[in-house]
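Everything below concerns the one structure shown next.
The values are calculated or read from the model by the stated rules, or taken from the named source; none is laboratory data. These figures come from a predicted structure and were not determined experimentally. Positions of Cβ are generated from backbone atoms using ideal geometry, with glycine treated the same way; all protein chains shown enter the neighbour counts.
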Amino acid sequence: MQPGLAWIKRRWKKAAYLLAACLVGYWLLRGCVPGLGGRLLPADVYDSIRRQYTVCITDTPISPGDPRQPSCGQVTIAEVGRGKIPSDLLVEGIVQAMCYKVTYTTPHWTTLGTTRHEIDWSGRIASKVAVLQNGVWQTYPDRDDQDQARWAEFGCPAEYESNSVAVR
């Protein structure tokens, strides 16, 4: 039997404790070290972005079997990486910039005459930057020209994207 396996067989409790300590250490470190798979954006900012882009339609009375059921769009946030802070923005209290791309779909009613008929979907991808300024995370509304300028200003590590996406 190999020496490592023999040691584990003789000291299985120590091996279990060592494995548990390694897993806890990894779990703690992944929140601090981006390369270990933790999120770059704090959870409350992530949720705020998700709420900002989620659109639901529930404004039509629904009866059982009616094909017009309430529906919500989908939001996907892909973190791209950290931006570089220009020195002139450091004096304004900006200490961190996170670049991300948000892809979202939005449902809306199509009409046949004046009656709501069925749900149609539109989708979009947008490149965005969130900044930590004076201890508070700031996100910005969708404005392509300002988003593109901000993306370039913070030197985000990917190409800027802003366009419609095909939905279903």
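Scanning region 138-159 for residues that are more than 23 Å from Gly73 (Cβ to Cβ) and of a type in the set (Phe, Trp, Tyr) yields Trp151, Phe154. In region 1-36, of all residues being of a type in the set (Gly, Ala, Ser) and surrounded by 11 or more Cβ atoms within 10 Å (Cβ to Cβ), the one that is modelled with the highest pLDDT corresponds to Ala16. The set of residues in region 62-105 being closer than 19 Å to Ala166 by Cβ, modelled with pLDDT of 90 or more and part of a strand (DSSP E or B) consists of Val75, Thr76, Ala78, Lys101, Val102, Thr103, Tyr104, Thr105.
Filtered by the rule that a residue be under 21 Å from Pro42 (Cα atoms), in contact (Cβ under 8 Å) with a residue 12 or more places away in the chain and not charged (D, E, K, R), region 136-168 gives Trp137, Thr139, Tyr140, Trp151, Phe154, Gly155, Cys156, Pro157, Ala158.
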